[in-house]
Amino acid sequence: MWNRNRRKRLFLICLIVTLFIPVMAACTKEAQPKNNTQRTLRFASGFEYVGVNGEAFRNYTELFEFAYDNIKIEYVETTDQSRYAGGIYIPPEDGEEQQTDPLEALKEVMTGPTPPDIVMIDYNQLPALINENLLVSLDELIRNEKDYNIDDFVPAVIDGLRKPGNGTLYALAPLFYSSAVIYNKQLFLDKAVPFPTDGMTWQDLFELARRVAVKDENNPVYGFSFNTYYGGGIWDLFQNMNTYTTPLGMKWVDIDTMTMTANTPGWQEVWRLFVDLYKEGVLPQEPDWSKPREGPVAWDLFLSGEVAMAVVSYNYLSEVIYANNNADRIEGFEPIDWDVVTLPTHPEAPGVGTNIGYEGIFAINAKAENMEDAWEFIKFITGEEWARIKSKSVYNMPARKSYIQKKEGADYNLDAFLQLSPPEDTTYESRLWQKLPNYWELMSIGQRKLVEVINENKSIELALQEWETEGQAAIQAMLEQKQNPGDGGDDVITLPVIR
């Protein structure tokens, strides 16, 4: 009896399923034309250089185009791309029109008759676009998606992208890059100094660096370095200040007024700190080029054991791991017991680091004609499948923490790279370069003045005053040259790296 009833129930289930199959097929067939409708998705960029026909988008669009072969991706040019050949900027000749500001050019096309649906922007461009109501909030779109897990993103990535919108999310990025402080445990043990920790202030770190440094002419140990390469010394000191001052928003030229702003109490304090650290032997010194350096790791301050702590990118860890794994084959190299901690921060800018940023910040134009596919694109390239596939081949880290793996199985503090947000202005030098293509001349003046402070005991106050005076004269000359280009105005200038 039981078997007979069971067979009857199975027959009824099969009959119901059989009746539903044609209905399901009809629904699928009916929906198919809508899904296969050929549509266009327009892109534009706020960068100075993205490549003609949208070549810069290839890294993001290839998989999307494969998955959505019915969507045609169209690049909307915002600036004259013919002036950027292979990353080299060719300035306008006499009488030619100057380049439009990339952000202004982007805003113009975003509000034009054929607006882009998707925009790829710099982090510092977000506030202006948000304040002018040119972007769509992504929060509601995310809430309406059942399978889109926003909680899987690195918290600092989302927090940083929410900051320009005062808590509202207007953009997402699939990748990010970050830095941390690597340290040599043995050098701390030798001096009975405690290891550095996450969440230190710059003052905390410099005090540790002073304690662990060894001032020895033949075998020095520097407490801290802003990079790992040997040979910069005093000439790198000026550039290294950027890592320290960027989170504070300190600038030595006001871009809006084109005036020098270096001669201030704030800059005096920074210079005094760096000069003291250098003279105390805490920071790497000017090399003695008369002494030869031999061996594969001789030009690396950390791998050669000459620095206790250094700022490094995430990818630098591969070099340390490789060296340790092949120590028996590297002449003069001893394996290093190491770990990493977060980059120090300022009390005035808690949670803000430097050498941190996003790769591929995408947002939806408020005037997008294809809003649905625009969100589909952002959802796709910031989704888990894209992160899973790309995490094995991209240089930077995926924004989804589930797909950030420790390098080659090594055991270290991975969270050190995931905790800090970028400063609000990450492209100061890029924007300064646009207005003053030869701005490096201003940097050279400042660098020379810093060297004079250290080598000639020139006072910091006098050095900054001279830098401001000479720098302002140089700015005026550059602006006049730009307005009245002559024989020297058609040099080719290398475009800075833009993320």
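The values are calculated or read from the model by the stated rules, or taken from the named source; none is laboratory data. Quick caveat, the model's predicted, so the values are computed rather than measured. Cβ placement follows ideal geometry from the backbone for every residue including glycine, while neighbour counts extend to all protein chains displayed. In case anyone asks, the SASA skips ligands and DNA or RNA and just uses the protein heavy atoms, side chains included. Shrake-Rupley method; radii C 1.70, N 1.55, O 1.52, S 1.80 Å.
Summary of values
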{"quantity": "Among the residues listed as VAL340, VAL352, VAL312, the single one being among the aliphatic types (A, V, I, L, M) and open to solvent by 10 Å² or more (accessible area, probe 1.4 Å)", "calculated": "VAL352"}
{"quantity": "Unmet criterion (only one of (1) closer than 30 Å to ARG58 by Cα; (2) surrounded by 22 or more Cβ atoms within 10 Å (Cβ to Cβ)) for SER318", "calculated": "(2)"}
{"quantity": "Residue pairs meeting the criteria (Cβ under 9 Å; at least 6 apart or on separate chains; first of a type in the set (Asp, Glu), in segment 247-262; second open to solvent by less than 20 Å² (accessible area, probe 1.4 Å))", "calculated": "ASP254/MET260"}
{"quantity": "Residues of segment 375-395 classified as farther than 21 Å from LEU138 by Cβ and surrounded by 15 or more Cβ atoms within 10 Å (Cβ to Cβ), total", "calculated": "2"}
{"quantity": "Residue in segment 167-181 that is surrounded by fewer than 20 Cβ atoms within 10 Å (Cβ to Cβ), farther than 30 Å from SER430 by Cβ, touching a residue at least 60 places away in the same chain (Cβ under 8 Å) and not charged (D, E, K, R) present", "calculated": "no"}
{"quantity": "Condition broken by GLN203, with the remaining ones in (1) in a helix (DSSP H, G or I); (2) buried (at least 18 other Cβ atoms within 10 Å of the Cβ) satisfied", "calculated": "(2)"}
{"quantity": "Members of segment 344-378 found to be assigned to a loop (DSSP other than H, G, I, E, B), more than 16 Å from ASP204 (Cβ to Cβ) and not aliphatic (A, V, I, L, M), listed by number", "calculated": "THR354, ASN355, GLY360, LYS367, GLU369, ASN370"}
{"quantity": "Check on ASN184, within 24 Å of ALA310 (Cβ to Cβ), crowded, with 19+ Cβ neighbours inside 10 Å and not hydrophobic (A, V, I, L, M, F, W, C)", "calculated": "yes"}
{"quantity": "SER225 open to solvent by less than 50 Å² (accessible area, probe 1.4 Å) and in contact with a helix residue (DSSP H, G or I) (Cβ under 6 Å, 6 or more places away or on another chain)", "calculated": "no"}
{"quantity": "Residues being open to solvent by less than 50 Å² (accessible area, probe 1.4 Å), part of a helix (DSSP H, G or I) and among the charged types (D, E, K, R) - total across segment 454-467", "calculated": "1"}
